[in-house]
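Here the structure is laid out as C-alpha cells; the discussion comes afterwards.
The values are calculated or read from the model by the stated rules, or taken from the named source; none is laboratory data. On a predicted model such as this, the values are computed, not experimentally measured, just so you know. Cβ: placed from backbone, ideal geometry, glycine included. Neighbour counts: every protein chain shown.
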Amino acid sequence: MTLRLILTRHAKSSWDNPLLTDHDRILNRRGRASAAALGRWLAEIGQRPDQALVSSSERTRETWDILSNAGGFQTQAEISPALYLSEPDTMLSILKGATGRTVQLIAHNPGISFFARSILDTAPLEHLFDRYPTGATTLIDFETESWSEVTWRSGLFVDFAVPRALIQREEEQAAKKAAEAALSPSDTPPDTPTEPLSA
C-alpha cells in the first residue's frame with residue numbers, strides 16, 4: 001500500500017500590521033494568489049487530500065482555506081497547535097498519527113525544510129527545495145500500510161512545486177490561448193456578395 005504526503009509551507013504572509021502577533025499574521029495578496037494556484041495545481045494532477053493537518057496559525061489556516069476552495073476539496077482541516085513553528089521531530093510524531101491515505105500537512109520554516117530533506121530517501125537537486133520558500137509543496141510517497149511505520153529517510157520523492165512557477169505557467173497558458181483565439185477564423189458569416197450591375 002502506498003501512502004502519500006503533500007507537504008506544504010504556508011503561503012506568503014503580511015507584515016503590514018505591527019500589532020498582530022506572529023501567530024495571527026494573515027496572508028498578503030501574493031500569498032492568497034499563491035494558495036489558490038496550489039489548489040488548482042493539486043486538483044489538475046489529481047491530488048485530493050483526504051486528511052489535512054494544519055498548524056493553528058492564521059496564515060496556515062488561510063492557506064488551507066484558499067487552497068482547498070480553489071481545488072474543490074471537501075476535507076475539513078484538523079488544526080494542530082503543536083504544528084505551529086514545530087520542529088521536524090514534532091511533525092513526524094503528528095504525521096505518525098495520521099489516518100488518511102493522502103495527507104496534506106501545512107506548517108512553517110525552518111522546521112518544514114529540515115523535515116522535507118530528512119524524510120526523503122533522496123532529496124531532489126533543486127535549490128528551491130533546499131530553501132523551501134513560502135508555498136513550496138512536495139509530494140512524497142511511503143510504501144507502508146500505516147503512517148505509524150514512517151521513519152526518517154523512508155519517503156520517495158514524487159514532485160515539487162512553488163507557486164511562482166505555477167502562476168507563471170498559468171499566465172503563459174492564458175496568453176497562448178488568447179493568441180490562438182486572435183488568429184482563429186471569425187465565427188461571423190462573411191458578407192453576402194452583391195450582384196453585379198447590369199450593363
(request) Could you tell me which of the residues THR99, THR60 is under 25 Å from THR144 (Cα atoms), modelled with pLDDT of 95 or more and not aliphatic (A, V, I, L, M)? (result) THR99
(message) Quick check on GLY100: is it on the phi > 0 side of the Ramachandran plot and in a loop (DSSP other than H, G, I, E, B)?
(response) no
(message) Looking only at residues that are hydrophobic (A, V, I, L, M, F, W, C) and surrounded by fewer than 18 Cβ atoms within 10 Å (Cβ to Cβ) in segment 1-32, which one is nearest to SER146 (Cα to Cα)?
(response) MET1
(request) Among what's in segment 39-50 and is surrounded by fewer than 18 Cβ atoms within 10 Å (Cβ to Cβ) and in contact (Cβ under 8 Å) with a residue 40 or more places away in the chain, pick the residue that is farthest from LEU85 (Cα to Cα). (result) ILE45
(request) Pairs only if they're at least six apart or on different chains, beta carbon under 6 angstrom, first in segment 81-93 and of a type outside the set (A, V, I, L, M), second part of a helix (DSSP H, G or I); list them, first residue then second. (result) SER86/GLY111; GLU87/GLY111; PRO88/GLY111; PRO88/PHE114; PRO88/PHE115; PRO88/SER118; THR90/ALA82
(message) Conditions first: (1) touching a residue at least 60 places away in the same chain (Cβ under 8 Å); (2) within 30 Å of GLU171 (Cβ to Cβ). LEU3 passes all but one, so which condition is the exception?
(response) (2)
(message) Restricting to segment 12-63, give me the number of residues that are assigned to a loop (DSSP other than H, G, I, E, B), aliphatic (A, V, I, L, M) and under 20 Å from GLN74 (Cα atoms).
(response) 1
(message) Is it the case, given these coordinates, that ASP65 is in contact with an Asp or Glu (Cβ under 8 Å, 6 or more places away or on another chain) and of a type in the set (Asp, Glu)?
(response) no
(message) Just checking, does segment 103-117 include any residue being closer than 19 Å to ALA165 by Cα and buried (at least 16 other Cβ atoms within 10 Å of the Cβ)?
(response) yes
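Has segment 172-187 got any residue that is outside any strand (DSSP E or B), surrounded by fewer than 17 Cβ atoms within 10 Å (Cβ to Cβ) and touching a Lys or Arg at 6+ places or on another chain (Cβ under 9 Å)?
no
Just one of PRO133, PRO124 is within 24 Å of TRP41 (Cα to Cα) and either touching a residue at least 40 places away in the same chain (Cβ under 8 Å) or in contact with an Asp or Glu (Cβ under 8 Å, 6 or more places away or on another chain) (or both); which is it?
Just a single option satisfies the conditions, and that option is PRO133.
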(message) Name the single residue that is farthest from GLY135 (Cα to Cα) among those in segment 156-168 being touching a Phe, Trp or Tyr at 6+ places or on another chain (Cβ under 9 Å) and in a helix (DSSP H, G or I).
(response) LEU166
(request) Report, by residue number, each residue of segment 107-149 that is modelled with pLDDT of 95 or more, assigned to a loop (DSSP other than H, G, I, E, B), in contact with a helix residue (DSSP H, G or I) (Cβ under 6 Å, 6 or more places away or on another chain) and not aromatic (Phe, Trp, Tyr). (result) GLY135
